[in-house]
Every structure is written in structure tokens, then in C-alpha cells.
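Report on one structure; see the data block that follows.
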Amino acid sequence: MRIIGLKTTLFEHTLSRTMGDANSPKGRNKAGGCLIEISTDEGITGISMGGAGAIPQINLLYENILKGSDPRNVTGLWKKMVERFFKGGHDGIANDAISVLDVALWDLKSKYYEEPLWKTLGGNSEKVNVYASDIALPISDDQIYKWYSDMSTKFGFNAGKLKVGLDQDSDLKRLQLMYDALKLSGKEPILYVDSNEYWSPKQTIRKVSEMEERFTLGWIEEPARRWDFLGLKKVSNSLKTPVCAGENLDTLGDFLPYFHHRSADIIQVSHGMTGITGALQIADAAYALELPVTLGGSPGIIHAHLANAIPNCITVEVPHPEPESMVFSTDVKITNGFAKVGNKPGLGIEINYDELSKSKVGSVSVKSGPSPYGRRQGAGLYEVPPSKDEIKEARTK
Amino acid sequence: MKITDFRVEKYQQIMDRPLGDSNGPSGDDLINSSILWINTDEGISGQAPMGNDYVENLFQLIEGKDPREIFTHWKNMIDFVFKAGDEGEAHGALSAIDIALWDLKSKIYGEPLWKTLGSDDPKCKIYASDIGYNLSDQELFDFFDGMAEKGVDSGKVKIGISTEDDVRRIGVVHEALSKASKRPKIMVDSNEYWSVKYAIQTISKIEEKFDIFWAEEPVRRWDYKGLRLVSENIKAAVSTGENLNNVGDFYSLISNQAADILNVSTYQSGVTGLKQISNIAYAFELPVTTMNCIGNYNAQIASAIPNHVMMEVVDPGREQAYSKWNDNIEDGFLHLDDTPGLGLIVDENKLKKLQSAKINRKAKAPWGRRKGAGLYIKGFAKGEVKWK
């Protein structure tokens with residue numbers, strides 16, 4: 001099997017809730033993506049989504065490395081892609097390009113074997129632990145309660161992750177709302193919190209200690225800057241709650257200080273870290289160090305394919321139990337609070353080309369990216385609660 | 001596709017030359033071997049060039065299952081042996097089953113293992129390894145010279161009992177390999193026979209005359225502080241790990257930066273275990289080397305490992321039950337072909353012949369630990385090695 005073509009299509013869609021975190025209380029109501037399609041001489045097409053800002057790098061890797069190659073050789077192709085970006089580093093946009101192409105190669109590999117990705121990876125179809133993730137600091141308390149109630153009653157979630165960081169009283173109140181909503185599942189809720197690097201280590205220690213007086217937390221996510229391996233460790237040493245970190249790291253090498261210093265108790269892993277190949281490497285490294293991992297959000301919850309193929313996965317993040325966009329469907333279903341993988345070949349993602357042509361855009365706007373406003377004022381120094389204008393803007397979206 | 005049954009065949013083979021190290025310098029040319037078959041309802045079967053009686057205890061975990069779900073089987077086996085640990089006979093069986101399952105998975109896909117594992121370059125750099133403390137200087141030269149003819153520019157020599165002789169023999173290896181490179185890579189292996197300080201003294205003496213790429217197992221496998229101390233006091237890299245069983249055993253080495261190169265093999269909980277260890281090594285910027293094995297199938301895996309240096313090749317003639325194995329060495333690399341699976345084809349007739357041969361002696365390997373190890377050096381007994 002040889003790779004003969006690459007197609008990239010940018011698309012945007014509207015979100016069913018206004019999303020945002022401590023760095024973006026104004027929120028966003030759009031999401032964008034890039035559909036990657038790699039075609040082969042066998043008539044099989046590998047697909048992947050992401051890398052909307054990395055199209056030049058995607059094309060460069062395709063022209064120089066992937067064109068004419070056998071996609072089954074994904075590990076070797078991965079290394080060639082990583083080393084292509086040696087001097088500037090294979091992080092940032094280069095990482096976006098490598099990641100999205102690596103995922104498409106894995107999709108092709110499994111499709112060639114006529115089996116789902118979880119089987120190619122040696123996993124199984126047993127149910128996978130998942131948690132509902134609002135990523136919706138901008139929405140109102142009522143909406144938070146309603147969203148988690150829906151997750152709990154319609155999909156069976158008993159675990160959820162709340163975006164926190166700008167207003168401690170509000171965060172405490174919302175934790176209770178999330179707890180009450182998840183209790184509707186009939187199971188004891190598991191509560192995670194995420195401050196997205198908005199706090200300094202000591203801010204985190206003060207705030208999470210106060211939360212711990214009332215709640216048992218499953219983890220506190222990104223409680224200090226991503227590179228602050230000593231700060232993260234200090235937070236962990238001072239709290240009962242495990243520290244979960246790594247989401248904004250790009251490569252295996254980025255994790256080295258965490259591993260040397262045991263900075264985090266739980267390592268965040270995703271296909272956005274140099275692809276599925278990279279994600280599996282990071283999970284193995286964490287396993288050797290007795291560190292569990294958690295898999296982040298992924299289009300069509302494709303991470304569910306990986307969960308049973310790595311030895312140390314706790315749970316998988318689910319911001320959307322069903323695709324928000326009509327552009328694609330997924331073979332991963334959420335029922336009774338677990339993810340279940342299906343038997344469609346590859347990632348099990350199918351594209352609706354009518355919808356794609358309707359959602360197609362010339363360029364994806366900054367406002368539909370995951371962090372439309374950059375880092376928020378006061379981050380790591382003092383908290384700046386959402387202003388009246390920001391709240392107004394968020395609620396009218 | 002479902003796993004239906006298994007078979008383990010044991011046999012002995014007399015190799016072309018005796019193998020021995022500092023713990024058994026006299027060596028032995030007889031080795032115990034076995035082959036494990038895992039069969040499926042579709043007629044395809046996977047093999048591993050090892051296997052023992054404990055396989056039966058683990059087989060219940062995979063019987064009736066889809067062989068392609070290898071990681072699941074590996075995890076179930078690892079969890080099954082939890083209490084007593086992934087050690088001893090259970091460990092051997094677990095490794096063998098995992099290897100046979102990978103062979104099977106690739107065969108189901110109709111492709112070689114290197115492709116299933118995603119390699120984009122089906123070859124791996126190799127080094128010649130005598131494991132022949134009993135070989136005369138001439139025999140030693142001839143072995144490395146033969147490898148140098150095939151472009152091999154790196155060699156590992158067994159040492160440990162007599163520094164004066166060891167230095168001379170390193171010179172012999174260096175001379176033979178000089179045919180392939182102006183600066184051949186020389187590695188030394190004392191198989192845990194030395195104490196920490198003795199290792200530092202001896203390797204330093206050797207380094208006065210030779211540039212050594214790595215010193216293997218200079219001290220005990222678990223002595224992570226000792227290994228680190230050796231590394232801090234010699235120029236050569238410290239390589240170790242071949243006698244560890246799994247990723248957990250490597251934890252102390254890695255977190256204490258005890259070794260510079262990790263030596264990995266499928267005997268470390270199968271292909272799955274080997275991959276895990278090479279991934280943690282990759283995360284810690286540690287290169288890995290792969291051990292020698294029957295039929296050189298480790299090359300299949302090595303070719304897909306991003307941080308692999310070279311694979312050990314001994315080739316003492318242990319493939320007597322096979323009609324095909326990975327033997328294409330050219331330009332210093334082992335080149336793999338498209339034979340599905342591990343690249344090994346068992347010849348049942350040859351196997352039957354080996355099994356019916358009357359050998360009437362017991363294999364001496366694996367060697368026990370030699371007297372004096374870690375304490376003092378017990379010199380060669382008279383006639384223990386033919387060249388002394």
C-alpha cells in the first residue's frame with residue numbers, strides 16, 4: 001500500500017454551549033477543525049482531524065516523507081517526521097502537523113487490516129472509564145447544573161471536571177452543583193477540577209485546600225505552569241488531591257523533567273502529543289514510573305481506542321458525548337457512564353460530505369480555536385473575576 | 001479468529017562452537033531449546049523459539065480469544081502472575097506466549113513483524129559477540145574477521161578473569177574488526193563478575209589502551225548506585241539490563257540514572273515488555289541495544305525502535321530446527337525480508353530428528369555464578385580455557 005494523495009479541508013461549526021476556561025470567560029460558540037484525508041493506491045483513505053493552523057507543515061511532511069510510503073510503517077514514518085523538525089524543535093505547529101498525520105496513518109493501518117484501531121493496538125472492546133468535561137466556565141450556574149444533569153441522566157456519567165480559577169466562591173458553589181447533578185446517575189460522583197495554569201503553586205494550595213474541606217477531588221489539573229516541575233511537585237506535596245498535568249506538553253522529551261522529579265501524580269496523554277505513536281510512548285514511560293495516565297478530549301472520542309491498549313489509563317475526557325458537528329460520526333458510543341468502542345475499521349470516524357461542504361471555510365478564525373484570548377490578566381499573580389461585560393458577552397453567545 | 005490450542009516441543013542442539021563467559025569460561029556447545037506453537041481455528045499458528053511447562057497455566061487466559069488483542073492478553077497474564085511476580089518459570093512462559101502472539105498477529109496480517117510494528121526501514125545495525133571465553137586467540141580472530149567481512153564494525157568480547165589476557169584478546173578483536181572500520185567499536189562484558197571498585201580499576205586499565213564503547217554488566221544487575229558509580233568513573237558507557245525481567249525492574253536504574261545504555265530483549269516480558277522498556281528509555285534519552293537470540297528475530301523489533309543502537313549477533317548455530325531465519329548480514333546490518341511474522345520457519349522434520357538424537361549429557365548453561373564473584377578474582381583453573 002502506497003500513499004498517493006493528501007487533502008485538507010477546513011471547517012467550522014457552532015457549539016451547543018459557550019465554551020471557555022479560566023483564561024477565556026468570554027467564551028466561544030464556534031469550533032473549527034481541519035479534516036485530513038490521506039489516500040492510497042489501495043483505495044483506502046485515512047482520516048484525522050486537527051492541525052487547522054499547520055497546513056504548510058502538513059504539506060511539507062506529506063511531500064517530503066509520506067508521499068509514496070507504506071502507511072503501515074507508521075512508527076518509522078513518525079520518526080522521520082519528528083526528525084525533520086530537529087533544529088526548530090518538533091513542538092508547536094510542527095507537533096500539530098505530526099500529530100494529525102500520525103493519527104491518519106494509524107487509521108490507514110487499521111483499515112488495511114480491516115479491523116478497528118483498538119484491535120490493531122492489541123486492546124479490547126471492554127467498556128472504558130470516562131468523565132464529562134464542561135470546558136464551560138462562561139455559562140451560568142443553572143446551565144452548569146443542567147449540563148451535568150443531562151450528562152448524568154442521559155449518558156450515565158458520574159464523573160465530571162469543572163473549570164475553575166477566577167472566583168473561589170463561585171467555584172465552590174458550582175462544585176456542589178456538579179456533585180448534585182452527577183449524583184442523579186445513581187452512583188457516587190467523582191469530581192475533578194481544572195484551573196488551566198491560571199494559579200501560582202501557592203494560590204492552588206490555598207484554593208484547593210479549601211475545596212478539600214468540603215469535597216474529595218479526583219485531581220487538580222494544571223495547578224501551575226506546564227514547565228514548572230518543582231512548582232507542580234510542591235502543589236502535590238501540599239495537597240491530598242493528586243496533581244494532573246501535561247496537557248500542554250507536546251513531546252515525550254517535554255515530560256522528562258516531570259519524570260525525573262515526579263512532578264505530577266497523573267500524566268495527561270493525548271494524540272496531540274506527536275500522535276498516537278507519541279501518546280503510546282508517553283503512556284509506557286509513565287507506566288514504568290508507576291504513574292497513571294488520563295487521556296484528554298479527542299474528536300469522536302477516538303481516545304477510547306487507546307484506553308484498553310495501554311496499561312495505566314484511569315479515564316478518558318469527554319467534552320461532547322456525541323459529535324457537535326454533523327461533519328462526522330463516530331463509532332465510539334457513551335452509554336451508562338462508559339465509552340464503548342465499535343467494530344468499524346480504523347478510527348471508526350465517517351465523514352458526511354454534504355455537511356462538510358456546508359461547513360467548509362477558507363480559514364478557521366481565531367475565535368473558534370481552543371484558546372481565543374491567550375492567557376488571562378493576573379494569571380499566576382492574582383485573580384481577575386469575569387467582569388459584567390464579559391459575563392454579558394458570554395451569555396449572549 | 002480464535003486461539004484453540006498450544007504445543008511446546010523441547011529439544012537439544014549441539015552448536016558449532018561452545019559458548020561461555022566469566023561465570024562459565026570453559027563453555028559448552030550443548031543447549032536446551034524449545035519451541036512454542038499457539039494455534040487458531042483458521043489454521044494460522046504463531047511460534048516462539050522458547051517455551052516451558054508453565055505455558056499451560058497461562059494458556060487458559062488466551063484460549064478462545066482473538067489473538068490480535070495482544071496487549072489485552074499481555075495485561076491479563078501480567079495481572080495473573082501478580083502475587084508471585086513476573087519471575088522465573090511464569091515469566092519465561094509469559095514472554096514466550098507474547099512473542100508467539102506477535103508472530104501470529106503479523107502472520108494474520110500477512111506481513112513481517114517489522115511492518116506490523118511500523119518500521120519504515122527493515123534492517124538493524126548489529127555487533128558481533130563471541131560469548132566465547134574458551135575460544136583461542138586465533139578462533140576469536142576468525143570469528144570477528146568473518147563478521148568484519150560482512151561489514152560488521154563493532155564487537156563485544158567476554159572478559160573478567162584475567163586483565164592481562166583480556167587486554168590482549170581485546171587487541172585481537174580490534175585487529176579483526178579493523179578490516180571493517182578504522183575505529184572499530186569495542187564493547188566488553190564481564191557478566192556481573194566484578195565488584196564496583198574492581199570494575200572501575202579494570203575498565204580504566206583497559207581504557208588506557210582501547211577506546212571502549214560500552215562496558216556491560218560491570219556490577220550486579222540491581223546495584224543501581226554501584227552501576228552509577230562505575231559510569232561516573234569510566235569513559236565508556238555502562239550497559240546493563242539483560243537479566244532484568246520487566247519494566248518495573250528498570251525503575252530503579254532509570255530513576256537513578258544508573259546506566260547509559262539499556263540492554264533489552266523479548267525475555268523482558270515479550271515483545272510487549274521490550275517495547276515498554278525501550279519507550280521509557282527513549283523518554284529518558286537512553287539508547288537501547290537488543291540481545292542475541294535464536295534466529296535473530298529481535299532485529300524485527302529493533303528496526304521499529306526509535307532509540308535502538310545495535311543488536312547482538314552470536315550466530316553459534318542454534319537454528320537447527322529451522323529452515324529459514326534472519327541471517328542476511330550485509331554492510332554491518334541485518335537485513336530483514338518479507339517472511340510473515342518473526343522471520344522464522346520451523347522445519348518439523350529437522351525438529352523430530354533433533355528430538356530423537358541421543359546426546360546423553362546435560363547442557364551446562366545457564367551457568368551458576370563463578371566463585372569469587374564480586375569479592376576476589378579466581379584465576380583460571382588448569383585447562384579451564386584451552387588457551388591458558
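The values are calculated or read from the model by the stated rules, or taken from the named source; none is laboratory data. Since the model is a prediction, treat every value here as computed from it, not as a measurement. In this analysis, Cβ positions are derived from the backbone assuming ideal geometry, glycine residues included, and neighbour counts consider all displayed protein chains.
All told, A:Thr241 falls short of being within 14 Å of chain B (Cβ to nearest Cβ) and β-branched (Val, Ile, Thr).
Scanning segment A:332-364 for residues that are under 20 Å from A:Gly123 (Cβ atoms) and basic (Lys, Arg) yields A:Lys333, A:Lys340, A:Lys344.
For segment B:363-385, a tally of residues being surrounded by 10 or more Cβ atoms within 10 Å (Cβ to Cβ), more than 26 Å from B:Val196 (Cα to Cα) and among the basic types (Lys, Arg) returns 1.
Residue pairs whose Cβ atoms lie under 6 Å apart, sitting 6 or more positions apart in sequence or on different chains, and linking a residue in segment B:112-133 that is within 14 Å of another protein chain (Cβ to nearest Cβ) to a partner that is surrounded by fewer than 24 Cβ atoms within 10 Å (Cβ to Cβ) and of a type in the set (Asp, Glu), are B:Pro112/B:Asp338.
Across segment B:87-119, which residue is surrounded by the most Cβ atoms within 10 Å (Cβ to Cβ) among those that are charged (D, E, K, R) and over 18 Å from A:Ile310 (Cβ atoms)?
Keep residues of segment B:87-119 that are charged (D, E, K, R), which gives B:87, B:89, B:98, B:103, B:105, B:107, B:111, B:115.
Subsequent filtering for residues that are over 18 Å from A:Ile310 (Cβ atoms) retains B:87, B:89, B:103, B:107, B:111, B:115.
Working: B:Glu87: 13, B:Glu89: 14, B:Asp103: 30, B:Lys107: 22, B:Glu111: 19, B:Lys115: 26.
The extreme case among them is B:Asp103.
Yes/no matrix, rows are residues, columns are (1) at pLDDT below 95; (2) closer than 27 Å to A:His271 by Cβ; (3) buried (at least 16 other Cβ atoms within 10 Å of the Cβ):
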| site | (1), (2), (3) |
| --- | --- |
| A:Thr315 | no, yes, yes |
| A:His320 | no, yes, yes |
| A:Asn336 | no, yes, no |
| A:Asn343 | no, yes, no |
| A:Glu350 | no, yes, no |
| A:Ser357 | no, yes, no |
| A:Gly362 | yes, yes, no |
| A:Gly374 | yes, yes, no |
| A:Thr396 | yes, no, no |
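Selection over segment A:78-111 of residues that are closer than 25 Å to A:Val332 by Cβ and at the interface with another protein chain (Cβ under 8 Å from one of its Cβ atoms) gives a count of 2.
Looking only at residues in segment B:282-298 that are assigned to a loop (DSSP other than H, G, I, E, B) and among the hydrophobic types (A, V, I, L, M, F, W, C), the one that is farthest from the other protein chains (Cβ to nearest Cβ) is B:Cys293.
Taking residues in segment A:311-331 that are outside the structural domain of A:Lys344 (by TED's automatic domain parsing), and partners anywhere that are crowded, with 22+ Cβ neighbours inside 10 Å, not one pair has Cβ atoms closer than 6 Å while being at least 6 places apart or on different chains.
When B:Ser178, B:Ser255 are screened for being without any contact (Cβ under 8 Å) to a residue 24 or more places away in the chain and either surrounded by fewer than 24 Cβ atoms within 10 Å (Cβ to Cβ) or basic (Lys, Arg) (or both), only B:Ser255 passes. Consider segment A:260-282 and keep the residues that are assigned to a helix (DSSP H, G or I) and in contact with a Leu (Cβ under 8 Å, 6 or more places away or on another chain). The one that is surrounded by the most Cβ atoms within 10 Å (Cβ to Cβ) is A:Ile276.
Any idea which of B:Glu139, B:Glu192 is modelled with pLDDT of 95 or more, part of a loop (DSSP other than H, G, I, E, B) and in contact with a Gly (Cβ under 9 Å, 6 or more places away or on another chain)? Talk me through it step by step, then tell me what you get.
Values: B:Glu139 fails: part of a loop (DSSP other than H, G, I, E, B).
The conditions single out B:Glu192.
Against the condition in contact with a strand residue (DSSP E or B) (Cβ under 6 Å, 6 or more places away or on another chain) and buried (at least 21 other Cβ atoms within 10 Å of the Cβ), how does A:Thr330 come out, does it pass? Please lay out each step first, then the result.
On the way: in contact with a strand residue (DSSP E or B) (Cβ under 6 Å, 6 or more places away or on another chain): no; buried (at least 21 other Cβ atoms within 10 Å of the Cβ): yes.
It is false that A:Thr330 is in contact with a strand residue (DSSP E or B) (Cβ under 6 Å, 6 or more places away or on another chain) and buried (at least 21 other Cβ atoms within 10 Å of the Cβ).
Evaluated against (1) buried (at least 24 other Cβ atoms within 10 Å of the Cβ); (2) in contact with a Leu (Cβ under 9 Å, 6 or more places away or on another chain); (3) in a strand (DSSP E or B), B:Lys156 falls short on exactly one condition, (2). B:Ser323 meets the conditions (1) touching a residue at least 60 places away in the same chain (Cβ under 8 Å); (2) touching a helix residue (DSSP H, G or I) at 6+ places or on another chain (Cβ under 8 Å); (3) away from chain A (no Cβ under 12 Å) in every case but one. The failed one is (1).
In this structure, B:Gly64 qualifies as touching a Lys or Arg at 6+ places or on another chain (Cβ under 6 Å), surrounded by fewer than 20 Cβ atoms within 10 Å (Cβ to Cβ) and more than 13 Å from every other protein chain (Cβ to nearest Cβ).
Is it fair to say B:Leu354 is hydrophobic (A, V, I, L, M, F, W, C) and in a strand (DSSP E or B)? Answer is no for this residue.
Among the listed residues B:Asp79, B:Asp86, identify the single one that is within 30 Å of A:Tyr113 (Cβ to Cβ), free of Cβ contacts under 8 Å to residues at least 24 places away in the same chain and not polar (S, T, N, Q). Break it down stepwise before answering.
Values: B:Asp86 fails: free of Cβ contacts under 8 Å to residues at least 24 places away in the same chain.
When all the criteria are applied, what remains is B:Asp79.
Consider B:Ser129 carefully, then state whether it is in the same structural domain as B:Glu242 (by TED's automatic domain parsing) and within 18 Å of the chain's Cα centre (by Cα). Yes.
Which residues, taken from segment B:91-101, are under 18 Å from the mean Cα position of the chain (by Cα) and within 11 Å of chain A (Cβ to nearest Cβ)? Working first, answer last.
If we filter segment B:91-101 for residues that are under 18 Å from the mean Cα position of the chain (by Cα), which is where we start, we get B:91-100.
Within segment B:91-101, B:Asp98 is the sole residue that qualifies.
Among the residues of segment A:47-77, those identified as away from every other protein chain (no Cβ under 14 Å) and not in a helix (DSSP H, G or I) are A:Ile47, A:Ser48, A:Met49, A:Gly50, A:Gly51, A:Ala52, A:Gly53, A:Ala54. Look at (1) within 24 Å of B:His73 (Cα to Cα); (2) more than 15 Å from the chain's Cα centre (by Cα) and you find that A:Met326 fails only one, number (1). Consider segment A:134-162 and keep the residues that are polar (S, T, N, Q) and surrounded by fewer than 24 Cβ atoms within 10 Å (Cβ to Cβ). The one that is farthest from A:Val318 (Cα to Cα) is A:Ser140.
Only residues that are outside any strand (DSSP E or B) and away from every other protein chain (no Cβ under 14 Å): list them for segment A:306-334, please.
Step one: of segment A:306-334, the residues outside any strand (DSSP E or B) are A:306-312, A:319-327, A:330-332.
Result: A:Pro319, A:His320, A:Pro321, A:Glu322, A:Pro323, A:Glu324, A:Ser325, A:Met326, A:Val327, A:Thr330, A:Asp331, A:Val332.
Quick check: anything in segment B:77-87 under 27 Å from B:Val314 (Cα atoms) and out of contact with any helix residue (DSSP H, G or I) (no Cβ under 7 Å at 6 or more places or on another chain)?
Of segment B:77-87, the ones under 27 Å from B:Val314 (Cα atoms) are B:87.
Keeping just the survivors that are out of contact with any helix residue (DSSP H, G or I) (no Cβ under 7 Å at 6 or more places or on another chain) gives B:87.
Yes - at least one qualifying residue is present in segment B:77-87.
Here B:Asp137 meets each of (1) in contact with a helix residue (DSSP H, G or I) (Cβ under 6 Å, 6 or more places away or on another chain); (2) within 14 Å of chain A (Cβ to nearest Cβ) with one exception, condition (2). Of the residues making up segment B:326-378, those that are on the phi > 0 side of the Ramachandran plot, of a type outside the set (D, E, K, R) and more than 21 Å from the chain's Cα centre (by Cα) are B:Asn360, B:Gly372, B:Gly374.
Does A:Gly123 meet the test of being in contact (Cβ under 8 Å) with a residue 40 or more places away in the chain, within 13 Å of chain B (Cβ to nearest Cβ) and of a type outside the set (D, E, K, R)? Spell out how you get there, then give the answer.
On the way: in contact (Cβ under 8 Å) with a residue 40 or more places away in the chain: yes; within 13 Å of chain B (Cβ to nearest Cβ): yes; of a type outside the set (D, E, K, R): yes.
Yes, satisfied.
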